[in-house]
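Peer 1: I have a structure I would like to understand better, so I am pasting it below and will then ask my questions one at a time.
Since every read-out is calculated from the coordinates, none of them should be taken as a lab result. Just so we're clear, the structure is a prediction, and the values are computed from it rather than from any experiment. We place every Cβ from the backbone using ideal geometry, glycine too, and count neighbours over all the protein chains shown.
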Amino acid sequence: MALEFKPSSRSSSEAGSRSPRSPLSPRAGGRSARGKAARRGAGRAAARESDRDRAPSVSSSVHSSQPSRESTCYVNFDRFDLQIENGRAPTKLVSWDQLLLAASGGAAERAGPRGEAERSLRQAIDSFGWQAPTKLQAVAVPCVVQACRDIPEAKSYTFLQAAGGLGKTSSLALGLLASARREVCSLQFVVVSANTCEDLERYLNALGFLCPLEVAYFKSEVSQDLDADMDRALRAQIIVGHPAGVLEVLEATREQISLSSVRALLLDDASEVIADGWVQKVCEVNQMLSLFVATPLRYVVLSSFVESETKPALRALKSSLMSKKNMFDLAQQVGRIKKFVKHYLVQIEPEGWMKALSQLQDMIYIPKAVLFCDSEPLFQRAKLAGNPRGEWARTVSLSVNDSAAQTLQDGGSGALAFCKEQSQKDFLLTRSEPNIFQASLPRVFWVVHFGIEANLSWYGCRLLCLDSKLREQRGGKGVQHDGVSLLFLPPSQRDTVQKLERMFGIHFEPLPFGGFG
Ligand SMILES: Nc1ncnc2c1ncn2[C@@H]1O[C@H](COP(=O)(O)OP(=O)(O)OP(=O)(O)O)[C@@H](O)[C@H]1O
């Protein structure tokens, strides 16, 4: 019996709808009141239960998402699942000899230090007495190699979920040893894990002993000797450690360490990283690496099976890594603001949006609002219509935050001016940019969305620019308004509404006055 592992949504942002819980829901990844050990125990019990459900058998199934969107490959085996972004499942390893082939990208026998390293890895495997790859290793090792090899077409996100004891950690170690370039002295891989660093160290030492790599281990949350740790980090080709320990050392060495040759960030035991509340640290490590890498960072995430209700947490982890933002934190923030925001929907063709907004402004009082628009033609049209000589200038006065514009006048200064007390502008027109949607803007109680493009989670991000007073107790000083989120959508995008409602646990209402189509 092959189990399905095909989330209902496949976008890289994981923004599409899925149930039962949204990845942005407050529970995803949050620290529960239960203790760490209890949580881990419960997680393991659930994983064991999940493992038991998966009776051993030989069948497997492969799915590939529609090529028109982006290609995500899902491979479902009975006791493990695999998901690869922008790629196909690699050929399975039937024997260890094929590991050398995978590592060399198909070239038969390699000469030089690389070939030597590959052959010594083979010898080390023999010394372990592992006659052939386990079923999981047959798939997982080539996956790790596929993501970590020094080639431009390496896979951006590889996720592997398997029952305990099948060979996840050894696959990670084998994949790293087969992919690392010994001749490159600087850092190539960063591996974070809350609990499996010891196992990884054991495997990397034992399997790599004939042709060692410089690996620095930072297994504890806080460094015991930061100077020594910094020294080791500066010499490392691979860093393995606890997310907090790795972040501490990377931050301490920020000025000296070269991160440009880092190729991949790998997470072992991701479900535990989430359950123990370390996502923020992982995100910070990710942000730091992403800032300095020469080629886009790839991700390899290994996890044991989790209860179905925590699966969205793994998807939120993917969103967090790919977008370099902590989507768990976002979920909590949106959750706090949700109660005080009313969500209205106007479904008319985009040509009518500016006119409808102008009519609305004539009919009711709209406090300061941020107007989000990610469609370039619409953005330019709105910018023109709202300028002092534009069609709607009488009713809709716009400040523009246009980072793509040439002049400073047109650029980010628009946002600054809009935030100032004396600004006469009603609306700030902007694209969905992190500097706007992560910042609470004073006196902004309305958010207007001119459509929502590919990434539905941005709907929640945009709400975060509402005045922070909305997050305070109702009736508190200075809160005279409910927050309003007004979404304009083309009538053809009906399912977007349902997806957003499910994702954020909200309900859209029509505007209480007609005349908008
Ligand atoms: N190819 C192989 N042949 C035989 N035994 C193997 C092979 N690969 C790994 N093992 C053994 O299987 C056990 C589990 O391996 P590993 O630690 O990689 O699994 P894991 O999935 O990470 O386990 P856990 O989830 O419990 O940490 C280890 O004792 C290891 O020595």
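Peer 1: Between V346 and residues 5 or more places away or on another chain, which pairs have amide H atoms under 5 Å apart, with H built 1.01 Å from N, and which residues are they?
Peer 2: L487, F488, L489
Peer 1: While we're on this one: Karplus couplings for region 354-362 from phi (6.51 cos²θ - 1.76 cosθ + 1.60, θ = phi - 60°), rounded to Hz, Gly and Pro as x?
Peer 2: 3J(HN,Hα) across region 354-362, in whole Hz: 5, 5, 4, 5, 5, 4, 4, 4, 5.
Peer 1: Which peptide among 351-358, 298-305 comes first, and what is the full order, when sorted by highest mean count of other Cβ atoms within 10 Å?
Peer 2: With the highest mean Cβ count within 10 Å placed first, the list reads 298-305, 351-358.
Peer 1: Another question, if that's okay. Rank by packing, highest mean first: peptides 221-233, 314-326, with packing defined as the count of other Cβ atoms within 10 Å averaged across residues.
Peer 2: Those peptides, ordered most packed to least, come out 314-326, 221-233.
Peer 1: Sort out for me the Cα centre separation of region 196-249 from region 320-374, rounded to whole Å.
Peer 2: 45
Peer 1: Most exposed first by the Cβ proxy, i.e. fewest other Cβ within 10 Å, how do C143, C185 rank?
Peer 2: Fewest-to-most Cβ neighbours within 10 Å comes out as C185, C143.
Peer 1: Separation between the V94 and L210 pseudo-spin-labels, each 7 Å from Cα along Cα→Cβ, expressed in nm?
Peer 2: Reported label-point gap for V94 and L210 is 2.3 nm.
Peer 1: Related question: Highest first, please rank the peptides 129-142, 197-210 by the mean number of other Cβ atoms sitting within 10 Å of their residues.
Peer 2: Packing order, densest peptide first, comes out as 129-142, 197-210.
Peer 1: Which of rounded, prolate, oblate describes region 156-231, given a ≥ b ≥ c as roots of the alpha-carbon gyration tensor eigenvalues and a/c under 1.5 marking rounded, otherwise prolate only if a/b is larger than b/c?
Peer 2: Verdict is oblate for region 156-231.
Peer 1: Next up: Along Cα→Cβ, 7 Å out, is where each label goes; now give me the distance between the ones at S220 and F513 in nm to one decimal.
Peer 2: With each label point 7 Å from Cα toward Cβ, the separation is 6.6 nm.
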